[in-house]
Amino acid sequence: MMGSRRTACALIAASALAVAAGVVEVLRPPFRPAAPRAERGPLSPASPMASPGEASPPHPLAGPGEISPTEGPENPSGRARRISPGPDSAGPDGDRPPDDSAKASAPDPAPLPGGSHLYVGWERLDAALRLLHDPTASWAEAAAKAAQLERSEDVARKRGTIVGRLETVDARAIAGWAYAWDEPGTDVWVEVHIDGRPFTLVHPEGARPAFVEADPTNPRARRAWAIATPPELLDGDKHWVDAFAFRTGDGRRFRLADSPRELGGQSWPRAEVQWVDEHIVYGWAVDPDDPKAPVTVDLVVDGELTARLTTAGPGANAEVFARAQALSPERRVTIEGDALTVEPHRSLLVGNRPIDAAVDEVVTTGPGLVIEGPAYLTKFHRVGPDAHAFLHAVPPDRPIRGAGFVQVLVSKKDGTLRREAARSPYLVNGGNRLPYGGVAFVNEVQVSGWVVDDDALPAPIAVDVYIDGEYFGRVRSDQRFAALPNSVPLPGPDYAWIFKPPPRYVDGKAHTIQVFAVNEPRGVNPELRGSPVTFVGRRNSPPVGWVDRLDFDLAAGWAYDPDADHAPIDVQVWIDDALFATVRAADTRQDLVPIVSAEAEHGWHVAMPPGLRDGKHHTVRVLAVNVPEGPPGELARSPVELNAQEPWLGISVDDSHPAGVRVTGVLPASPAEAAGIRADDVIVSFDATEGKVDVAAFVAWVKTKEVGERVVLRLLRPEAGEIEVVATVGARPS
């Protein structure tokens with residue numbers, strides 16, 4: 001059972017989605033070394049902004065009288081209300097000058113079977129995971145496949161959106177860029193929000209120097225925007241700046257990448273454990289607020305404080321590294337091979353065979369960097385000038401050889417803002433297993449999450465909660481989390497912890513919450529995934545929710561806004577960018593209690609119109625109306641495609657030709673065959689692209705096309721040289 005639990009938790013933890021009112025995170029059981037904890041903040045799903053308007057006519061796909069009404073004091077007529085011309089999701093993860101390749105963003109979250117509270121984003125790795133089940137496949141193939149899927153999904157998702165980035169938020173300026181991805185010359189605006197409320201509009205028409213130099217005539221080269229930072233954001237408290245882009249005359253809003261961003265308040269120290277053995281504990285730490293200031297490093301061995309160090313600054317890094325090498329000489333090996341894979345923690349695979357002689361670490365899983373020729377692997381590395389190296393020489397009279405885990409906690413020089421370093425706790429030997437869990441929801445109503453300890457099961461354990469660095473109390477993890485057993489193999493659902501922030505913290509200021517699992521039996525108490533997290537009371541929190549079902553007959557799920565004071569909120573269902581229905585989320589959902597809210601009346605359902613069965617492609621989106629104002633939040637698992645037609649040419653390709661993408665096969669009766677494309681043709685350009693094309697770029701490009709669209713391909717044919725063909729994109733057969 002332990003093996004299956006580890007597998008399930010690893011999948012959950014691979015890519016958790018931070019949600020509007022807090023963070024949904026899951027901590028897998030540890031391996032050696034423990035996985036780095038990602039920096040987390042109060043993120044929310046990309047969503048358009050909307051404002052109330054006049055009543056709208058029935059949706060064109062609805063039959064007579066089939067609009068699902070919204071009943072309540074705000075809409076006594078029960079008619080569907082038009083909120084905005086049509087929503088869409090935010091676009092990019094990045095934008096670079098034309099000679100650079102785009103980096104793919106994370107995909108939309110996918111549900112776990114039977115669970116509507118655990119949010120993950122691992123669907124894009126599904127093909128890679130299936131590939132790994134093939135004993136002849138290598139990690140390099142899986143990595144390439146996963147990267148290809150990421151890029152494809154990223155490009156396809158940008159179609160029809162406004163892309164952009166909130167690049168700068170500091171004491172002087174708030175700045176970024178935005179443009180319509182399909183039509184860069186289209187006029188767009190950016191709406192800046194501060195602490196969840198609209199602040200100002202700005203027109204992106206400034207120069208973007210890197211793009212002007214690379215492609216001065218491209219409209220996107222002049223789509224930068226900036227405003228002066230308002231003085232009220234410089235009060236020393238933590239604030240959030242958000243940015244949404246929209247076209248002139250179009251009410252849809254698109255959240256920019258890297259939005260929202262924090263400004264003000266203190267930053268948490270950052271640190272990483274690089275190496276632990278019987279001789280040393282070595283790593284780095286830094287205080288982002290004062291990079292030259294010393295950082296306090298506490299070493300905890302199996303729950304006991306063993307040493308407290310103070311870093312000496314970047315100027316001592318070379319000396320610290322030399323001492324570490326002298327105390328624990330590195331073991332260097334040279335391995336000759338055609339396919340060497342360096343894993344994230346410097347363990348090694350040759351083909352599919354793990355080689356662990358180079359480092360004293362277990363071989364981790366996951367795609368890594370593929371190199372050819374000899375590989376030189378070291379235990380640890382010299383710390384760069386932007387951080388402070390730390391070193392603890394293990395005294396002979398206090399060995400850690402027999403210890404289970406070494407935990408590293410770092411804090412500012414005054415001892416405040418204490419947190420766990422990345423790759424901590426660090427496994428030294430077996431024995432007591434670490435508890436694992438995560439923070440689920442954080443708002444002014446309640447803070448909740450879950451935790452379990454395999455050494456204590458089936459009994460629950462507890463968590464220690466700290467607010468602003470001060471101990472708040474110990475909370476038993478024995479509340480119900482109905483969806484948990486569907487995702488983590490556990491004997492039951494009663495492993496949630498919940499507490500209500502005291503009234504003194506609901507003051508409109510930013511406060512930091514940390515949650516540590518209490519190990520049983522006594523040992524290292526690890527910080528949970530999603531911790532630390534910032535909590536702000538009396539500021540607008542975006543709504544959260546989930547689409548549990550959406551098909552031709554019914555759409556259903558739940559939605560909740562902590563700002564609504566326990567009252568149900570409205571949910572909008574959009575079909576093909578037109579509002580179909582607005583309904584009140586007031587259905588009884590006992591599975592939401594108590595992990596999401598104290599009351600169960602936050603479910604919703606809508607009967608879908610018969611027009612969806614016309615055989616055409618339809619996109620359905622579900623948004624929760626923000627209370628008291630602000631952009632509605634798109635629910636997790638929205639949008640849903642019905643009768644989706646996937647663009648298709650009917651060829652298989654690879655990267656084996658130096659000039660471009662080689663066609664390895666053409667399916668009979670496919671669009672490619674109709675266009676005259678043959679096996680062994682080499683695609684050197686599509687739609688007049690410049691530079692060498694590859695499989696990932698080609699697949700991504702095909703995904704951006706519409707069924708029936710004509711595309712131009714330039715081919716290199718062995719017997720005829722370069723030729724040009726025109727193909728009509730078809731729909732992939734079901």
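Screening residue 658 on (1) in contact with a helix residue (DSSP H, G or I) (Cβ under 7 Å, 6 or more places away or on another chain); (2) in the same structural domain as residue 718 (by TED's automatic domain parsing) shows it passes everything except condition (1).
Which one of 295, 320, 286, 273 is in contact with a Pro (Cβ under 6 Å, 6 or more places away or on another chain), at pLDDT 90 or above, more than 30 Å from residue 630 (Cα to Cα) and not acidic (Asp, Glu)? Write out each step before concluding.
Values: 320 fails: in contact with a Pro (Cβ under 6 Å, 6 or more places away or on another chain); 286 fails: in contact with a Pro (Cβ under 6 Å, 6 or more places away or on another chain); 273 fails: in contact with a Pro (Cβ under 6 Å, 6 or more places away or on another chain).
So the residue among 295, 320, 286, 273 that is in contact with a Pro (Cβ under 6 Å, 6 or more places away or on another chain), at pLDDT 90 or above, more than 30 Å from residue 630 (Cα to Cα) and not acidic (Asp, Glu) is 295.
Residues considered: 334, 378. Of these, the only one that is among the polar types (S, T, N, Q), modelled with pLDDT of 50 or more and over 19 Å from residue 413 (Cα atoms) is 378.
Kindly indicate the residue of the stretch 464-486 that is over 21 Å from residue 416 (Cβ atoms) and over 25 Å from the mean Cα position of the chain (by Cα) and also surrounded by the most Cβ atoms within 10 Å (Cβ to Cβ) among those meeting that condition.
As a first pass, look at the stretch 464-486 and keep what is over 21 Å from residue 416 (Cβ atoms): 474-486.
Filter once more, so that each one left must be over 25 Å from the mean Cα position of the chain (by Cα): 474-480.
Numbers: 474: 13, 475: 20, 476: 12, 477: 23, 478: 14, 479: 18, 480: 16.
In this case the residue turns out to be 477.
For the stretch 246-265, how many residues are out of contact with any Lys or Arg (no Cβ under 7 Å at 6 or more places or on another chain) and assigned to a strand (DSSP E or B)?
Within the stretch 246-265, the subset out of contact with any Lys or Arg (no Cβ under 7 Å at 6 or more places or on another chain) is 247-255, 259-261, 263.
The next check asks that each one be assigned to a strand (DSSP E or B); those that pass are 247, 254-255, 261, 263.
Qualifying residue count, the stretch 246-265: 5.
Within the stretch 282-294, the set of residues being within 29 Å of the chain's Cα centre (by Cα) and assigned to a loop (DSSP other than H, G, I, E, B) comprises 287, 288, 289, 290, 291.
Say whether the condition of being among the hydrophobic types (A, V, I, L, M, F, W, C), in contact (Cβ under 8 Å) with a residue 60 or more places away in the chain and not in a loop (DSSP other than H, G, I, E, B) is met by at least one residue in the stretch 666-689.
no
Residue by residue, here is whether (1) outside the structural domain of residue 514 (by TED's automatic domain parsing); (2) of a type in the set (S, T, N, Q); (3) under 30 Å from residue 266 (Cα atoms) holds:
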residue: 387; (1), (2), (3): yes, no, yes
residue: 404; (1), (2), (3): yes, no, no
residue: 407; (1), (2), (3): yes, yes, yes
residue: 438; (1), (2), (3): no, no, yes
residue: 447; (1), (2), (3): no, no, yes
residue: 457; (1), (2), (3): no, no, no
residue: 486; (1), (2), (3): no, yes, no
residue: 490; (1), (2), (3): no, no, no
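Residue-wise test of (1) more than 24 Å from the chain's Cα centre (by Cα); (2) surrounded by 21 or more Cβ atoms within 10 Å (Cβ to Cβ); (3) on the phi > 0 side of the Ramachandran plot.
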site	(1), (2), (3)
247	yes, no, no
253	no, yes, no
270	no, no, no
275	yes, yes, no
279	yes, no, no
322	yes, no, no
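Of the residues in the stretch 381-398, at least one is β-branched (Val, Ile, Thr), modelled with pLDDT of 85 or more, part of a loop (DSSP other than H, G, I, E, B) and over 30 Å from the mean Cα position of the chain (by Cα).
Here's the yes/no breakdown for (1) of a type in the set (Val, Ile, Thr); (2) within 30 Å of residue 708 (Cβ to Cβ):
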{"site": "549", "(1), (2)": "no, no"}
{"site": "554", "(1), (2)": "no, no"}
{"site": "569", "(1), (2)": "yes, no"}
{"site": "575", "(1), (2)": "yes, yes"}
{"site": "597", "(1), (2)": "no, no"}
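For the stretch 407-449, a residue qualifies if it is of a type in the set (A, V, I, L, M, F, W, C), surrounded by 23 or more Cβ atoms within 10 Å (Cβ to Cβ) and in a strand (DSSP E or B), and the qualifying residues are 408, 410, 439, 440, 441, 442, 447.
Report yes if residue 549 is outside any loop (DSSP other than H, G, I, E, B) and surrounded by fewer than 23 Cβ atoms within 10 Å (Cβ to Cβ), otherwise no. Steps first, answer last, please.
Working: outside any loop (DSSP other than H, G, I, E, B): yes; surrounded by fewer than 23 Cβ atoms within 10 Å (Cβ to Cβ): yes.
Yes.
The number of residues in the stretch 290-310 that are within 14 Å of residue 384 (Cα to Cα) and either among the β-branched types (Val, Ile, Thr) or out of contact with any Gly (no Cβ under 7 Å at 6 or more places or on another chain) (or both) comes to 1.
Across the stretch 619-638, the number of residues qualifying as surrounded by fewer than 21 Cβ atoms within 10 Å (Cβ to Cβ) and either in contact with a Cys (Cβ under 9 Å, 6 or more places away or on another chain) or modelled with pLDDT of 85 or more (or both) comes to 3. Any idea which residue in the stretch 460-486 is farthest from residue 438 (Cα to Cα), counting only those that are out of contact with any His (no Cβ under 6 Å at 6 or more places or on another chain) and part of a loop (DSSP other than H, G, I, E, B)? Ranking the qualifying residues of the stretch 460-486, first place goes to 469. For the stretch 178-195, taking the residues that are within 25 Å of the chain's Cα centre (by Cα) and under 13 Å from residue 243 (Cβ atoms), the one that is surrounded by the most Cβ atoms within 10 Å (Cβ to Cβ) is identified as 178.
Condition first: charged (D, E, K, R) and closer than 21 Å to residue 180 by Cα. Now tell me which residues in the stretch 217-234 satisfy that. Please lay out each step first, then the result.
The first filter runs over the stretch 217-234 and keeps only residues charged (D, E, K, R), leaving 220, 222-223, 232.
If the condition is that a residue be charged (D, E, K, R) and closer than 21 Å to residue 180 by Cα, then 220, 222, 223 are the ones that fit.
Filter the stretch 554-574 for residues that are within 19 Å of residue 612 (Cα to Cα) and more than 26 Å from the chain's Cα centre (by Cα) and give the result. Even if it seems obvious, please write down each step before you answer.
Just the residues of the stretch 554-574 that are within 19 Å of residue 612 (Cα to Cα), to begin with: 554-556, 572-574.
554, the sole residue that qualifies.
Looking only at residues that are among the polar types (S, T, N, Q) and part of a loop (DSSP other than H, G, I, E, B) in the stretch 266-281, which one is farthest from residue 233 (Cα to Cα)? Ranking the qualifying residues of the stretch 266-281, first place goes to 267. The set of residues in the stretch 487-519 that are surrounded by fewer than 16 Cβ atoms within 10 Å (Cβ to Cβ), over 24 Å from residue 591 (Cβ atoms) and not small (Gly, Ala, Ser) comprises 502, 503, 504, 507.
Residue 641 meets all of the listed conditions (1) surrounded by 16 or more Cβ atoms within 10 Å (Cβ to Cβ); (2) outside any loop (DSSP other than H, G, I, E, B) but one, namely (1).
The values are calculated or read from the model by the stated rules, or taken from the named source; none is laboratory data. Note that the coordinates shown come from a computational prediction; the quantities given were computed from them, not determined experimentally. A quick note on method: Cβ atoms are made from the backbone with ideal geometry, for glycine too, and the neighbour counts reach across all protein chains shown.
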